[in-house]
Amino acid sequence: MLSESEAAELLSFLGPGTRLDVKGQATGYILGLSAHSDGCRFFRSKPDLLRALFALTSDPSIAIVKDCYHVFINLTADETLHQVLVADVNILPVLLKNLQDPEYPFSDQICTILSNLSRHKKTCKTVFKVLQEGVGLAQLVEIFCTEGYNKKAKLHYLGPLLSNLTQLPETRNYLLDKDRCVVQRLLHFTQFQASVVRRGGVIGTLRNCCFEHDHHEWLLSEAVDILPFLLLPLAGPEELTDEENEGLPVDLQYLPEDKKREEDPDIRKMLLETLILLTATKAGRTTLRDKNVYPIIREFHRWEKDAHVGAACEKLVQVLIGDEPEQGMENLMQVEIPEDVKEKLKEADIREQQELETEQERIRQEEEEEERKKREAEGADREQETGLIR
């Protein structure tokens, strides 16, 4: 790693008046450093170097700016640098201001940096504070929901940013404000096929919002009608009976033979977790049963191959077909769990995790064995063809 004198020399190459080729070599070198944990550790005590580098995000050279943004993407992937970047370097106001500019060519990089910075709750609170002091959450949602807002950037990583921000009750309260009609604007992105990142970000946002159990009844009502948007990605082409179809929301009835399910297992799991959260309240359980959710989940469970997603699905099924809790325990989010029961549940979760990992390892080994046999068979066929040619 660089000595103090070498770091000082490197800093001298980052001035705006430095020759372009020298500046380019310096930023290229820093980009290489930032790709490794040792390099990130080095930058923790070098806020002056980071400030000079961040100033170059407004350099006339596009190549220099691109290198600098890539450095900050790498650095923000390391949580230990977050406080240095938001407090000492103060990067947030400039990033958020540039994000508002519909002509700014590096807005995708900004979205990634903001998404990285907001992953952990402590820095997420800082991101939210600075956001509200400047751009504001309303404008952020507007940018996200406006198709083609920036012709030079896709802005898909605003989805994970929104999801991260909904760790905070302040963000959830804003999105769930009945007078603002915000959460409704996000729903159609659950089927946004152009980007798994945007799609997953929105579903993560909806899942986090469902921790606010007081809003479950409203979310499931006609005012929002969240249920079809959560179920449709899980529904497949299987033929249901007329009785099962008629009980479903209209959008879920008589689906075509080419209907495909959500391809990403992490997103499928988040959708199930969102449905499980909605069943924490009596109003939620009643609605999901009245809307005949079970047949969709039943067919999904038969189709699902991922062990972790399957486990989440089984938890949902248990609630849908199980008995109602005793009086006074209808809201599962408000039930006080004794410490000994918590320990038993924790142990059960550990056992379940171990079983899932064992099952996944078994499946992996079976797939490898099948692949090996396939390669051997193909090799034998080639040898036979070679013999025939001779």
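The values are calculated or read from the model by the stated rules, or taken from the named source; none is laboratory data. Since the structure is predicted, the reported quantities are computational estimates derived from the model, not experimental observations. FYI the Cβ positions are ideal-geometry reconstructions off the backbone, even for glycines, and counts take in every protein chain you see.
When the residues of segment 59-83 are filtered to those that are polar (S, T, N, Q) and either outside any helix (DSSP H, G or I) or touching a Ser or Thr at 6+ places or on another chain (Cβ under 9 Å) (or both), which remaining residue is nearest to Pro160 (Cα to Cα)? In this case the residue turns out to be Thr76.
Considering the conditions (1) within 17 Å of Phe72 (Cα to Cα); (2) more than 29 Å from the chain's Cα centre (by Cα), Ser34 is excluded by exactly one of them, (2). Within segment 190-231, the set of residues being closer than 22 Å to Ile296 by Cβ and acidic (Asp, Glu) comprises Glu217, Glu222, Asp225. Of all the residues in segment 168-196, those that are under 24 Å from Val130 (Cα atoms), among the β-branched types (Val, Ile, Thr) and assigned to a helix (DSSP H, G or I) number 2.
Name the helices (runs of 4 or more DSSP H) wholly inside segment 84-146 in which the number of residues that are within 20 Å of the chain's Cα centre (by Cα) and surrounded by fewer than 18 Cβ atoms within 10 Å (Cβ to Cβ) is 2 or more. Full working, then the answer.
Details: elements: 92-100, 107-117, 121-133, 137-145.
Here the list reads 121-133, 137-145.
Here are some residues: Ile226, Ile203. Which one is in the same structural domain as Ile297 (by TED's automatic domain parsing), modelled with pLDDT of 95 or more and buried (at least 22 other Cβ atoms within 10 Å of the Cβ)? Criteria check complete, one pass: Ile226. Among all positions in segment 250-264, there is at least one residue which is over 26 Å from the mean Cα position of the chain (by Cα) and part of a helix (DSSP H, G or I). Residues of segment 89-137 being closer than 17 Å to Asp78 by Cβ and of a type outside the set (A, V, I, L, M), which ones? If the condition is that a residue be closer than 17 Å to Asp78 by Cβ and of a type outside the set (A, V, I, L, M), then Gln109, Thr112, Ser115, Asn116, Ser118, Arg119, His120, Lys121, Lys122, Thr123, Cys124, Thr126 are the ones that fit. If only residues of segment 178-200 that are over 16 Å from Leu155 (Cα atoms) and among the hydrophobic types (A, V, I, L, M, F, W, C) are counted, the one that is surrounded by the most Cβ atoms within 10 Å (Cβ to Cβ) is Val183.
Residues in segment 213-239 that are closer than 20 Å to Glu314 by Cα and in a loop (DSSP other than H, G, I, E, B): Ala235, Gly236, Glu238. Residue selection: Leu271 satisfies the criterion of being surrounded by 17 or more Cβ atoms within 10 Å (Cβ to Cβ) and in a helix (DSSP H, G or I). Cβ-Cβ under 9 Å, sequence separation 6+ or interchain: first residue in segment 127-149 and over 14 Å from Leu99 (Cβ atoms), partner hydroxyl-bearing (Ser, Thr, Tyr) and in a loop (DSSP other than H, G, I, E, B). Which pairs? Pairs found: Phe128/Ser118.
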